[in-house]
Amino acid sequence: MLYVILIVFSISGIHGYTDTKVRRFKDDFLFGAATAAYQVEGGWDADGKTESIWDRFLHSHPELIPDGRNGDVAADSYHKYQRDVEMLRELGVDHYRFSISWNRILPTGFTNNINEKGLEYYDNLIDELLKYDIQPMVTLYHFDLPQTIQDLGGWANPLSIQLFEEYSRIIFERFGSKVKYWITINQPNSICVEGYGGKRAAPGIGSSGIGDYLCIKNVMMAHAKAYRLYQKDYKPKYKGSVGISLALNWADSVNNNTENVEATDLYREFTIGMYMNPIWSNEGDFPPSVKKRVLERSLEQGFTKSRLPELNAEEITLLKGSADFVGVNHYTTVLISKSEKQYPSPSIEDDMGVEITFRTEWKTSQSFWLKSVPYGLYKMSIHINKVYDYPPVFITEHGWSTKKVLKDSSRAKNMREYLHALLLAIEDGTDVMGYTAWSLMDNVEWTAGTSERFGLYQVDFDSKEKTRTARLSALVYKRIIEQRIIEHDWKPKNLNISITRSKKNVRVDL
Ligand code: BGC
């Protein structure tokens, strides 16, 4: 490839060189795109669907959304799923990751009333994907708990474990024969730390240091139960793979001072180890350093035992090995230093005792927390290889936010650089099954509404049709999928995109 200019940035402190070697994604490497039910579907009360915690939260707190757009209509994928599949065919992807809305299937939250209309919607979407040999990757839970279950305490109540298992059985029964890739739960840490610890994400409980830890245990157990259920009753027939998607961002120490390096280790255990350890470590359980720290602080605060609930021997065994792959959602990197700040007590911030900053030279997206630091993906991959012995990885999300703009060169650049970092991680032994771009299209970015755009396709939310238009990054992604290499200086002639995935030209044989 003559005009291929590869690797213009150097990954500092890793390979320590700028090279021009052409690295390829293997033919069986899967490329896909992702969305989540609340963020794209709309139809929030259509055909029997009832209120989820995000419906309740954003209906009650419109003041939190800068542009006022909640998920009531969103990109209207509930009615426009055929256009969504057409976009996937334009991109030429191998898989589509989407989530199922629990409330669409079980309007009461419980199994006493199964909504056929809700099942039909996903059946139609799955069939439309399979027609073009695009593999559905189904997330059972992406943040939208039925409000009825929240009214009983939600994920802070251990009853949620059984309820999730029952809901999962209904989904596996109905779609098991068609779906080969499953994600039980998306980002336990966001569900629990933001939703139960904090107040600015649904359900907004604000019980940091207590509610967040109760939630983490229950969400992890719910995952393990659903995994075991699939293993026992569905895997023998359908041979699918089941994973969990974790928010695995990277954290570097601000400098080499011992106290900062130690603080960074502890932070990684709170954000990575807390979720990886129970499933992928030899011993199982939450990380020893986290258990020790929360116990110490709890006793100092006058509690009689740790605020972090224990996993008993049976629970440890159930969790250990309960995933066929780790779904990695990787977006950004932070810098950590030890903090002497007085955080509210008790709280997870106080338990961690760190300060989070960013390097000023890191390029910022439209989201204040999201910086472009490609080496973070490389370092995070090497970290989990080292600590958890090379678990199979599926990148289930990576993305970049912009304003509403079609020529999104910053997204194209970010994607190329991160995919390059991924190729380096693969070269150094990381076992990566595939990559999933977040997001197929602009959507409701939770409390940010539509003020932060993550789509490869722009959505015109003001139009009745919710018109979708390919961005520059869609063409760049399509080209990467076709060529299987990264061409940093390739430019499309225009932003026209045509379908390349028809029923006949099936490239990947799964
Ligand atoms: C979540 C998505 C979200 C994205 C960008 C991920 O952590 O799974 O729902 O839109 O981040 O913030």
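Would it be correct to say that residue 480 is within 30 Å of residue 379 (Cα to Cα), touching a His at 6+ places or on another chain (Cβ under 9 Å) and β-branched (Val, Ile, Thr)?
No; evaluated as a whole, the condition is false for this residue.
Would you tally the residues in region 211-236 being crowded, with 24+ Cβ neighbours inside 10 Å and free of Cβ contacts under 8 Å to residues at least 12 places away in the same chain?
Final tally of qualifying residues: 0.
Return yes or no: is residue 199 over 26 Å from residue 293 (Cβ atoms) and more than 16 Å from the ligand (Cβ to nearest atom)?
no
Within region 20-30, take every residue that is among the hydrophobic types (A, V, I, L, M, F, W, C) and assigned to a loop (DSSP other than H, G, I, E, B) and give me the one that is farthest from residue 400 (Cα to Cα).
Taking the candidates together, the pick is 22.
Only one residue in 383, 398 is out of contact with any Cys (no Cβ under 8 Å at 6 or more places or on another chain) and within 15 Å of the ligand (Cβ to nearest atom), so which one is that?
Unique residue meeting the criteria: 398.
Output the residues belonging to region 297-324 that are in contact (Cβ under 8 Å) with a residue 60 or more places away in the chain and not in a helix (DSSP H, G or I).
307, 308, 309, 311, 322, 323, 324
Does residue 190 satisfy being assigned to a helix (DSSP H, G or I), of a type in the set (Ser, Thr, Tyr) and within 16 Å of the ligand (Cβ to nearest atom)? So that I can check it myself, show each step before the final result.
Details: assigned to a helix (DSSP H, G or I): yes; of a type in the set (Ser, Thr, Tyr): yes; within 16 Å of the ligand (Cβ to nearest atom): yes.
Considered against the rule, which asks whether it is assigned to a helix (DSSP H, G or I), of a type in the set (Ser, Thr, Tyr) and within 16 Å of the ligand (Cβ to nearest atom), residue 190 comes out as yes.
Scanning region 368-379 for residues that are open to solvent by 50 Å² or more (accessible area, probe 1.4 Å) and without any contact (Cβ under 8 Å) to a residue 40 or more places away in the chain, which turns out farthest from the ligand (Cβ to nearest atom)?
Taking the candidates together, the pick is 368.
So for region 306-327 (the condition being surrounded by 22 or more Cβ atoms within 10 Å (Cβ to Cβ), of a type in the set (Val, Ile, Thr) and under 18 Å from residue 249 (Cα atoms)), does at least one residue qualify?
yes
Just the residues that are small (Gly, Ala, Ser) and in contact with a strand residue (DSSP E or B) (Cβ under 7 Å, 6 or more places away or on another chain), please, taken from region 331-364.
337, 339, 353
Take the residues in region 44-101 that are among the acidic types (Asp, Glu) and under 29 Å from residue 156 (Cα atoms), then tell me which one is most open to solvent (accessible area, probe 1.4 Å).
Looking only at region 44-101, we keep the residues that are among the acidic types (Asp, Glu), and these are 45, 47, 51, 55, 63, 67, 72, 76, 84, 86, 90, 94.
Still in the running and under 29 Å from residue 156 (Cα atoms): 45, 51, 55, 63, 72.
Numbers: 45: 95, 51: 55, 55: 2, 63: 129, 72: 42 Å².
Result: 63.
If you scan region 412-454, which residues turn out to be within 16 Å of the ligand (Cβ to nearest atom) and either among the aliphatic types (A, V, I, L, M) or more than 17 Å from the chain's Cα centre (by Cα) (or both)?
414, 415, 437, 440, 441, 444, 448, 449, 450, 451
Return the residues of region 423-465 that are small (Gly, Ala, Ser) and closer than 18 Å to residue 38 by Cβ; say none if nothing qualifies.
Scanning region 423-465 gives 439, 448, 449, 451, 455.
Can you tell me which condition residue 466 does not meet? The list is (1) within 15 Å of the ligand (Cβ to nearest atom); (2) touching a helix residue (DSSP H, G or I) at 6+ places or on another chain (Cβ under 8 Å); (3) not in a strand (DSSP E or B), and all the others hold.
Only one criterion is unmet by residue 466, namely (1).
Within 16 Å of the ligand (Cβ to nearest atom) and in contact (Cβ under 8 Å) with a residue 24 or more places away in the chain - does that describe any residue in region 164-175?
Looking for residues that are within 16 Å of the ligand (Cβ to nearest atom) and in contact (Cβ under 8 Å) with a residue 24 or more places away in the chain, one finds none in region 164-175, hence no.
Select the helices (runs of 4 or more DSSP H) contained entirely in region 31-107, then report the ones holding at least 2 residues which are within 19 Å of residue 462 (Cβ to Cβ).
37-40, 77-91
Being out of contact with any Lys or Arg (no Cβ under 7 Å at 6 or more places or on another chain) and surrounded by 19 or more Cβ atoms within 10 Å (Cβ to Cβ) is the filter here, so list the residues in region 380-407 that pass it.
Once the filter is applied, which keeps residues that are out of contact with any Lys or Arg (no Cβ under 7 Å at 6 or more places or on another chain) and surrounded by 19 or more Cβ atoms within 10 Å (Cβ to Cβ), region 380-407 yields 380, 381, 384, 391, 393, 394, 395, 397, 398, 399.
Would region 275-295 turn up any residue that is within 16 Å of the ligand (Cβ to nearest atom) and open to solvent by less than 30 Å² (accessible area, probe 1.4 Å)? Let's see the steps before the verdict.
First, the residues of region 275-295 that are within 16 Å of the ligand (Cβ to nearest atom): 275.
Those still in the list that are open to solvent by less than 30 Å² (accessible area, probe 1.4 Å) too: 275.
Yes - at least one qualifying residue is present in region 275-295.
Does residue 406 qualify as being at pLDDT 95 or above, more than 14 Å from the ligand (Cβ to nearest atom) and in a loop (DSSP other than H, G, I, E, B)?
In short, yes.
Is it true that residue 150 is more than 17 Å from residue 121 (Cβ to Cβ) and in contact with a Pro (Cβ under 6 Å, 6 or more places away or on another chain)?
yes
Output the residues belonging to region 237-251 that are closer than 11 Å to residue 179 by Cα and either open to solvent by 30 Å² or more (accessible area, probe 1.4 Å) or at pLDDT below 95 (or both).
238, 239
Could you grab me the full set of residues in region 484-507 that are closer than 21 Å to residue 30 by Cα, touching a residue at least 12 places away in the same chain (Cβ under 8 Å) and surrounded by fewer than 21 Cβ atoms within 10 Å (Cβ to Cβ)?
The answer is 484, 485, 487, 488, 497, 498, 499, 500, 502, 503, 506, 507.
Report yes if some residue within region 98-109 is hydroxyl-bearing (Ser, Thr, Tyr) and out of contact with any strand residue (DSSP E or B) (no Cβ under 9 Å at 6 or more places or on another chain); otherwise report no.
No, because not a single residue in region 98-109 is hydroxyl-bearing (Ser, Thr, Tyr) and out of contact with any strand residue (DSSP E or B) (no Cβ under 9 Å at 6 or more places or on another chain).
The values are calculated or read from the model by the stated rules, or taken from the named source; none is laboratory data. Predicted model only: the values in this text are computed from it and were never measured. Heads up, the Cβs are rebuilt from the backbone with ideal geometry, glycines too, and the neighbour counts pull from every protein chain shown. SASA here: full protein model, heavy atoms, side chains in, ligands and nucleic acids out. Shrake-Rupley method; radii C 1.70, N 1.55, O 1.52, S 1.80 Å.
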